[in-house]
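Peer 1: Take a look at the following structure, please.
The values are calculated or read from the model by the stated rules, or taken from the named source; none is laboratory data. Note that the coordinates shown come from a computational prediction; the quantities given were computed from them, not determined experimentally. We place every Cβ from the backbone using ideal geometry, glycine too, and count neighbours over all the protein chains shown. When the accessible area is computed, the model is the full protein with side chains, heavy atoms only, and any ligands, DNA or RNA have been set aside. Shrake-Rupley method; radii C 1.70, N 1.55, O 1.52, S 1.80 Å.
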Amino acid sequence: MSSKRRIAATVVVLVAIIGVFVVRLVDIQVVRADTLSADSLGNRSVERTVYGSRGEILDANGVVMAGTVMRYDVALSPKNATTFTRTVDDVDTTITVADAAAEIGAVIGQSPEKVVALIKESLADDPKSDYAVVAKKIDVDAFRALDALDIPWLYLYQNPGRVYPNGAVAGNIVGFVSSAGEAQAGLEVGQDACLASHNGSETYERGADGVRLPQSTVTTEAASDGSDVITTIDSDLQFFVQKVLAEQAQKTGAAWGNVIVQEVKTGKLVAVADYPSVDPNDVSATTNPDDRGSRAFTASYEPGSTFKALTAASVLDAGVATPESQVVAPYRYLPENGANINDSSMHDDLRLTLSGVLIESSNTGTSLFGERLTDQQRYDYMTKFGVGTETESGFPGEDPGILHPAEKWDNQTQYATMFGQGLTTTALQVSSIYQTIANGGVRMPVQLVSGCRTPDGTLTDVPAAEGTQVVSAEAARDTADILEMVYQKAWLADTWEIPGYRAAAKTGTAQMPDGNGGYSKGYLVSVSGFAPADDPQYVVSVSLADPVNMNSSAAPAPVFQEVMSQVLKKYRAVPSGAAAPDLPGTW
Amino acid sequence: MSDNLARVLTTETLRPEFTERTGADERRHIEIVSPSTHTRPRVVYALSAVACVGAVIVAQLLLSVGISQGAYEISALRASQVELGRTADSVSEDLIRVSSPQSLAANAEALGMVSNSTPAYLQLSDGAVLGAPTSASGGAAGAAGLVPNALLAGVPLVTQLPAGGQGTSVASGAPAAGTAPAAVTVADGLPSPTTR
């Protein structure tokens, strides 16, 4: 055997071995490189969701009405649920499944049997079951208690939750989110674009003992927090108003009701109370889905006599009447066009001024004034007052109400629209009409949200605050004076009196639709007004639907009195000094 | 060292060739080659290189020990930050809950307070009384319940707190029953609302 052949053989063997290694190397480093490195990373790296927190809904003073809190979901692994050993202070204790179930149950407020049953059921469905939810949205204290139990087959997950610290206060306005965090109602929906947050994720590598390796954190997707919605609501006043409304609604047996408090000078809604009101923390406690929204925004009805203030302002602005203009108001009025108008109770012919027509709330008298304008003129005034279009509040699902074009009014509607029938308005639109009259004829956009505050503090989406002159300042002043006469002289004068203050108000009693095109026996009774009459600051508008125990506007009057007193007190309105005007009602 | 050995071998293998070809140069070759003078500096170099490598390794080791020590520290601090954050969230949640209008109204009523619906003011400049003062009529007790707040379930009123100068931290909502944080002891005692 020559050395040459030996060398040759060696070289061949070496090349073969190296070849094997090269093939293997290429296979690992090139062919399967991605899979393998992903596998290896998976063994060390952990992906984590970084939660962006949904923005808060704040009241005008910064009180949190809706906020985001971290909650925790509890799940267990049924297939791994076995007896384990717990070591506390070097003492080993054997914990059986039943023991563990009792411990878990005590923390989350469930019976141990239920926890054990959950494990059994999950295993019966799928013997390899690795995931069964025990409880959702437990708070930090419960989370810590469970974490301390150190049960190897129990897992805790973060799950951000929504909390409404003030409960039902403004619940109908704020709205609520589903358990999955999706906006369901109210401002949560209407302002979702502002509030919405974005969850991000990060990965990091960790050692065998679970410690995060330095410099290994990679943000794969940045989380972003939502912006805060700042409303114009005053939560303290809102609470008071809701309480007063609920008391009276229960006393009078009303089906539902609402109260609106609006700032005259700015059009801001200070309180919008609904009864029944929903507690967003416990939505299911409110069984009727209609009670979960805000009827002040979403329910329109025939306003009735509160609308006569608009007719009065229109004729005054057009210059076809003054507060002292005189008419003879019969019980029944049969105009030439074939309509048939009558007052609510039988009476002889009354010699009334325009002021007197509103004091007596005479339909025939209102018709005699209203017909001095053409239908189109009155239609134009109504639209300028905001009737027939949803307000600027931005509340989701707001009802625009029904206002047919003037040329479509039939004979009866031509007259009915003068005293608030044949058209529908929301409580908010009525409030806005009174705001316009109180504010020297300048209608301010209805404001519920004063802006969206981004996390860096800048305020965006600030609503326009430009008013529109609907009627002249003189016409508005005259209408306000007439309404003050109504407040002083109408049959409810003693009920709604606020000592020390001059106020202006008008009642309304309107038949409610029965849902089949006709009228039901129930009435929607309301009072709208403003105070102090000498320098109007706040509009209060109260509506009660079908108060079976007191089916007249005497039902909302005490609410108006209490709410208006509280508003004047809270905002330190100066008690009226000058004497009220005295306009003759009769002649 | 192996380098040194190779040199020696080279000279030995070269020598016969040189003897055969140029016998006269043989003596000169023996005199010139001085392996010892070449060997000594190479050992020093090698040693210093090894020492350097060793130093680098040791330094790296110390550095990584330091970093991983830091990692544990960061990890511990991070964990305590998370825990403290949870505590802060939890107590501020309690605070917001008890400062809700329902809670305040219920507590005020429990203490015997009533609201007056007739505002009146005393003007300091001239002592004039603005408005028409009347005494408060007293609202219906429990009226706060008309505006529900599920978060307040199980939260005691001030009048229901145990007397004896102990403020009890608010028990958390229903799911956390039984796991409320332990009572906070106040050194001098909070004034207990026993008088009206």
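Peer 1: Hey, any idea what the orientation-averaged projected area of the convex hull of the stretch A:235-570's Cα atoms comes to, in nm²?
Peer 2: 17.3 nm²
Peer 1: Starting from the alpha-carbon convex hull of the stretch A:27-146, give the projected area averaged over all orientations, in nm².
Peer 2: 14.0 nm²
Peer 1: Let me confirm one metric for peptide B:93-100, namely the mean number of other chain beta-carbon atoms within 10 Å of its residues' beta-carbons.
Peer 2: That average works out to 4.
Peer 1: So, one more: Using a 1.4 Å probe and ignoring any ligands, DNA or RNA, find the accessible area of residue A:169 and quote it in Å² to the nearest 10.
Peer 2: Its accessible surface works out to 0 Å², give or take rounding.
Peer 1: Still on this structure, please answer the following. What net charge is computed for the residues neighbouring residue A:340, neighbours being all others with C-beta under 13 Å from the C-beta of residue A:340, Lys and Arg scored +1, Asp and Glu -1?
Peer 2: -2
Peer 1: If you count, for every residue in A:495-502, the Cβ atoms of partner chains within 10 Å of its Cβ, what is the mean?
Peer 2: 4
Peer 1: Would you compute, from DSSP H runs of 4+ residues alone, the mean residue ellipticity of chain A at 222 nm, taking -39500 (n - 2.57) per run and dividing by the full residue count, rounded to the nearest 500?
Peer 2: -10000 deg cm²/dmol
Peer 1: State the percent of C-alpha pairs, over all pairs in the protein assembly as shown, separated by a distance greater than 49 angstrom.
Peer 2: Across the protein assembly as shown, Cα pairs with separations above 49 Å total 42 percent.
Peer 1: Please list A:486, A:97, B:82 in order of solvent-accessible area, largest first, computed with a 1.4 Å probe with all protein chains present.
Peer 2: Reading off the accessible areas and sorting them downward yields B:82, A:97, A:486.
Peer 1: Count charges around residue A:49 for me, please; just the other residues with Cβ under 13 Å from its Cβ, Lys/Arg as +1, Asp/Glu as -1.
Peer 2: Cβ neighbours under 13 Å give a net charge of -3.
Peer 1: From zero up to wherever the largest Cα-Cα distance of the stretch A:6-94 sits, split into 10 Å bins and tell me the percent of pairs in each.
Peer 2: 11, 13, 16, 17, 17, 12, 8, 3, 2, 0
Peer 1: Keeping all protein chains in place and using 1.4 angstrom, which order do A:392, B:109, A:474 fall into by accessible surface area, from largest down?
Peer 2: Heavy-atom accessible area, descending, gives A:474, A:392, B:109.
Peer 1: While we're on this one: Determine the shielding of peptide A:159-172 by partner chains: average, over its residues, the number of Cβ atoms on other chains within 10 angstrom of each Cβ.
Peer 2: 4
Peer 1: Further, regarding this structure: Which distance in Å, rounded to a whole number, links the C-alpha centroids of the stretch A:227-242 and the stretch B:41-83?
Peer 2: Here the two parts' Cα centres lie 59 Å apart.
Peer 1: While we're on this one: How much net charge surrounds residue A:488 when only other residues with a Cβ under 10 Å from its Cβ are counted (Lys, Arg +1; Asp, Glu -1)?
Peer 2: Cβ neighbours under 10 Å give a net charge of -1.
Peer 1: Would you mind putting A:56-68, A:229-241 in packing order, based on average other-beta-carbon counts within 10 Å, highest first?
Peer 2: A:229-241, A:56-68
Peer 1: I would also like to ask the following. On average, how much accessible surface per residue is there in the stretch A:235-570, in Å², for a 1.4 Å probe, leaving out ligands, DNA and RNA?
Peer 2: For the stretch A:235-570, the solvent-accessible area averages 35 Å² per residue.
Peer 1: For the protein assembly as shown, build the charge dipole from Cβ charges (+1 Lys, Arg; -1 Asp, Glu) around the Cα centre, then report which of A:540, B:134, A:557 sits farthest towards its positive end.
Peer 2: A:540
Peer 1: Kindly express, to the nearest 10 degrees and within the range 0 to 90, the angle between helix A:427-438's C-alpha long axis and the longest C-alpha principal axis of chain A.
Peer 2: Computed tilt is about 50 degrees.
Peer 1: Another one. Dividing the Cα radius of gyration by the Kirkwood radius, what Rg/Rh value follows for the stretch A:153-242?
Peer 2: Radius of gyration over Kirkwood radius for the stretch A:153-242 works out to 1.16.
Peer 1: What does the charge dipole of the protein assembly as shown about its Cα centre add up to, to the nearest 20 debye, if the Cβ of each Lys and Arg holds +1 and the Cβ of each Asp and Glu holds -1?
Peer 2: It works out to roughly 2440 debye.
Peer 1: How far is helix A:97-108 tilted off the main Cα axis of chain A, in degrees rounded to 10, range 0 to 90?
Peer 2: 30 degrees
Peer 1: Here's something else I'd like to know. With a 1.4 Å probe and all protein chains kept in place, how much accessible area does residue B:152 have, in Å² rounded to the nearest 10?
Peer 2: 30 Å²
Peer 1: Considering the Cα trace of the stretch A:434-545, what is its radius of gyration and what is Dmax, both in angstroms?
Peer 2: 18.1, 55
Peer 1: Using mean Cβ contacts within 10 Å as the protection proxy, how do A:254-267, A:337-350, A:149-162 order, highest first?
Peer 2: A:254-267, A:149-162, A:337-350
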